[in-house]
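The values are calculated or read from the model by the stated rules, or taken from the named source; none is laboratory data. None of these values were measured; they are calculated from a predicted model. Note: ideal-geometry Cβ built from the backbone for every residue, glycine included; neighbour counts use all protein chains shown.
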Amino acid sequence: MDNINFNELLKRKWKQKKFVCVGLDSQYVKIPETIRKNVKTKEAIEKFNKEIIDATHDLVCAYKPNIAFYEAEGTEGLTALIETTSYIHKKYPDIPVILDAKRADIGSTNEGYAKAIFDIIGVDAVTIQPYLGKEAIEPFLEKEDKGIIILCRTSNPGAGEYQDLIVEHSILGKVPLYQAVAYQVANDWNKNNNCCLVVGATYPEESAIIRKIAPNLPFLIPGIGKQGGDIEKAVAASKDKRNEGMIINSSRGIIFASQEKDFAQAARKETEKLDNEIKKYL
């Protein structure tokens with residue numbers, strides 16, 4: 001799998017009509033007590049993740065752990081993240097792993113980030129911030145076989161504070177900043193065909209505009225479930241001309257669907273529900 005472009009892995013899943021991404025936001029204190037009892041933190045997180053993965057693997061196009069919940073548990077949490085990634089690659093090598101890390105810094109620092117994310121943790125893709133410009137994130141963009149997922153229109157309520165600021169773009173004219181980001185990524189940053197955009201389900205009108213600007217880029221779509229994004233509107237706005245191009249993420253609504261021993265079965269049920277809902281609108 002090392003030589004397969006992240007986007008190619010996704011395309012194989014899309015051909016199977018799989019668009020659900022399960023967010024492994026495995027916050028330790030929310031893991032069911034039946035898993036946490038009498039074991040170390042690392043073991044509890046690993047066991048929880050593995051059971052979720054085994055229960056949902058045939059329904060998903062990707063898994064997306066958020067690094068914050070693993071960093072919060074120190075060495076044990078980060079070790080659990082590495083082991084979880086390794087488990088997915090060994091048992092389900094056709095499923096890519098996206099690390100939600102939202103990294104951004106100057107080039108030399110990003111070299112360290114890229115090494116840790118791709119060589120140590122071993123994921124297939126990562127979320128990054130565009131604020132420092134293309135030159136700063138070249139250490140990510142040059143990873144031809146990895147997915148570089150750039151924040152564009154995020155799902156949080158305060159996203160417009162900066163993303164809606166009007167800027168003067170040389171091609172688009174006066175447009176909101178998020179549109180300028182979409183254009184630059186699609187037309188300048190994507191030389192290695194490894195770029196994607198984060199486009200929140202909570203902003204379907206903006207998503208439709210971004211899809212016109214970036215017709216061929218995959219969208220990572222957060223905001224489904226607890227954040228209230230509407231599936232029908234998100235799919236209509238975000239799908240590409242092939243009725244593909246979407247990584248639709250749900251985290252807490254799936255992995256914490258039950259606090260009982262049936263948590264993995266409950267996660268599968270919620271994943272199936274989301275999968276069926278998406279397919280209704282393709």
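Points to keep in mind about this one:
- Of all residues in the range 106-138, those that are at pLDDT below 95 and at positive phi total 1.
- Filter result (over 20 Å from A257 (Cβ atoms) and touching a residue at least 24 places away in the same chain (Cβ under 8 Å)) within the range 21-42: K40, T41, K42
- Taken together, the criteria place N190 among residues that are closer than 16 Å to I210 by Cα and at pLDDT 95 or above.
- Meets criteria (touching a helix residue (DSSP H, G or I) at 6+ places or on another chain (Cβ under 8 Å) and assigned to a helix (DSSP H, G or I)) for I82: yes
To keep it simple, each residue is scored yes or no on (1) closer than 30 Å to K47 by Cα; (2) within 15 Å of the chain's Cα centre (by Cα).
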site: V185; (1), (2): no, no
site: N190; (1), (2): no, no
site: L197; (1), (2): no, yes
site: E206; (1), (2): no, no
site: K233; (1), (2): no, no
site: G245; (1), (2): no, yes
site: Q265; (1), (2): yes, no
site: N276; (1), (2): yes, no
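- Whichever residue in the range 254-269 is of a type in the set (S, T, N, Q) and under 16 Å from D25 (Cα atoms) and, among such residues, is surrounded by the fewest Cβ atoms within 10 Å (Cβ to Cβ): Q259
Residue by residue, here is whether (1) buried (at least 23 other Cβ atoms within 10 Å of the Cβ); (2) over 24 Å from F219 (Cβ atoms); (3) among the aromatic types (F, W, Y); (4) at pLDDT below 95 holds:
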residue: N3; (1), (2), (3), (4): no, yes, no, yes
residue: R12; (1), (2), (3), (4): no, no, no, no
residue: K30; (1), (2), (3), (4): no, yes, no, no
residue: K42; (1), (2), (3), (4): no, yes, no, no
residue: E51; (1), (2), (3), (4): no, yes, no, no
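- Residue match in the range 63-81 (condition: of a type in the set (D, E) and either within 16 Å of I255 (Cβ to Cβ) or crowded, with 18+ Cβ neighbours inside 10 Å (or both)): yes
- In summary, D188 fulfils each of the numbered conditions (1) closer than 29 Å to I4 by Cα; (2) crowded, with 16+ Cβ neighbours inside 10 Å with the single exception of condition (2).
- Checking each residue in the range 140-162 for being buried (at least 21 other Cβ atoms within 10 Å of the Cβ) and part of a helix (DSSP H, G or I) picks out F140, L141.
- Residues in the range 3-42 that are in a loop (DSSP other than H, G, I, E, B), over 24 Å from A264 (Cα atoms) and within 20 Å of the chain's Cα centre (by Cα): 2 in all.
- Counted residues, the range 1-20 - those being of a type in the set (D, E) and in contact (Cβ under 8 Å) with a residue 12 or more places away in the chain: 1
- Selection from the range 261-282 of residues that are outside any helix (DSSP H, G or I), under 16 Å from S238 (Cβ atoms) and not hydrophobic (A, V, I, L, M, F, W, C): Y281
- For the range 225-260, a residue qualifies if it is without any contact (Cβ under 8 Å) to a residue 40 or more places away in the chain and outside any loop (DSSP other than H, G, I, E, B), and the qualifying residues are K233, A234, A237, S238, G253.
- Selection count where residues are polar (S, T, N, Q) and either surrounded by fewer than 21 Cβ atoms within 10 Å (Cβ to Cβ) or farther than 26 Å from I210 by Cα (or both), scope the range 234-253: 1
- From the list K102, K47, the lone residue that is in a helix (DSSP H, G or I) and either within 21 Å of V235 (Cα to Cα) or basic (K, R) (or both) is K47.
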